[in-house]
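Taken together, the values in this text are just the output of simple stated rules run on the coordinates, not laboratory data. Just so it is clear, the structure is predicted and the values come from calculations on it, not from any experiment. We place every Cβ from the backbone using ideal geometry, glycine too, and count neighbours over all the protein chains shown.
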Amino acid sequence: MAGSSHGHTPAAWTGVTICTIGFIVAGVFMVMDEPLGFWAGMAIVLLSGVVGAAMSAAGLGMPKDARPVHKTAPATREAAPVEG
């Protein structure tokens, strides 16, 4: 299953790492009551999405043909009406 799950790429790991750092920075400055530092942390969070997308576009993400296909459960029979 590990081979078919998503997120195991350099683009995903880098994006998540940068996002985590951004949330930590924002959290620390929120506790310190420094709005400028908080918004700097939020800018880092937004930057993580840009970096992840750019790395994915550069070929470091999951190839489109290797993306997992989600299968649905087979349709079940409807229950017969209860006669009372």
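Please work out how much length the chain gains when fully extended from A54 to V28, using 0.36 nm per residue of separation minus the C-alpha to C-alpha distance, in nm with one decimal.
Full extension from A54 to V28 adds 6.6 nm.
Taking a ≥ b ≥ c as the square roots of the Cα gyration tensor eigenvalues, with a/c under 1.5 meaning rounded and otherwise prolate when a/b beats b/c, else oblate, which class fits segment 14-61?
prolate
Run the simple label-point estimate for E83 and T20 please: 7 Å along Cα→C-beta, distance reported in nm.
6.2 nm
Step through the residues of segment 28-39 one at a time and calculate ³J(HN,Hα) from phi using the Karplus curve (6.51 cos²θ - 1.76 cosθ + 1.60, θ = phi - 60°), rounding each to whole Hz and writing x for Gly and Pro.
5, 6, 5, 5, 7, 6, 10, x, 5, x, 4, 5
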